[in-house]
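Structure first, commentary second.
None of the figures in this text is laboratory data; all of them are computed from the coordinates on show. These numbers come from a predicted model, not from an experiment.
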Ligand SMILES: [Zn+2]
């Protein structure tokens, strides 16, 4: 409470940009929020504390992610809204919007009791094991979850490496841990909606379909990754051997380029999928190819060192592999 009032200026922990903290501990706490999001959930009481957009008070996770950044405008509920602000005279008040995700939210809420002052205050819960949440924070159990002992070690290098772009790395981490709200998962939460992949409109949207069995994704992925040597995997979890085949020091740049490209393509395909779902904006595979090529060159320029030449220079290596070989 004190933190919310003083440091976060009335915003919740989740809404706060990472540079707000003044102390080292607080900065660290804010940096951990992406991880913390997976371990916390709110059990609704009166809806007075839980943030409507940023807290996980529904199984589908924070609504700002489920509906997207357009949510607050669509629902006319500000980012600072509490859950109780979506209730009027004991009923949910979610204005109709011609948005598929908003309609899905309305379906979920129609089966759920609105928060009420009779229920006491909202209660934060911590995840203990896969589907169990408890009011007490048990650091050992949470630490075990953070370490994800079940995750194969080969994934680690795909996600976390020195030059990785954090937002790209985090999305790949979510993919490898099956955390993205793809239509097949959302359907399991009891939400009716179109389950067809919005990229090809042919098959059911699953993670393995999106990355990269879908003909749209495969077109983009293979036309980029196919230039980098070896056989690019059609399933993202199989990318390890393709990236790690470059063992010699002289091939280090190619390995780096492959690692960065995998994360970038996954990120841009998910973004394309969300753009089509929420904003009705669509790029052709060629347009996405050009976009990824441009972003990739910008990333590689930023890695350029004055003394690097030829195959040591990531950007030169990219040009060589993509355009000349
Ligand atoms: Zn598809």
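Calculated from the alpha-carbon coordinates, segment 223-325 shows an Rg and a Dmax of 14.5, 45 Å respectively. Its Cα gyration tensor gives segment 230-274 an equivalent ellipsoid; the semi-axes, largest first and in whole Å, are 23, 12, 6. Using the alpha-carbon centroid of each, what span in Å lies between segment 41-80 and segment 160-239? For segment 41-80 versus segment 160-239, the Cα centre distance is 26 Å.
I want to verify the translational diffusion coefficient of segment 153-324 in µm²/s; compute it with Stokes-Einstein, Rh as the Kirkwood radius over Cα pairs, at 4 °C and 1.567 mPa s. D, rounded to a whole number, is 78 µm²/s. With Rh defined as the Kirkwood radius, the inverse of the mean 1/r over Cα pairs, the Rg/Rh of segment 204-254 is 1.05. Each Cα pair under 8 Å and six or more residues apart adds its separation to the average, and for segment 212-272 the resulting relative contact order is 30 percent.
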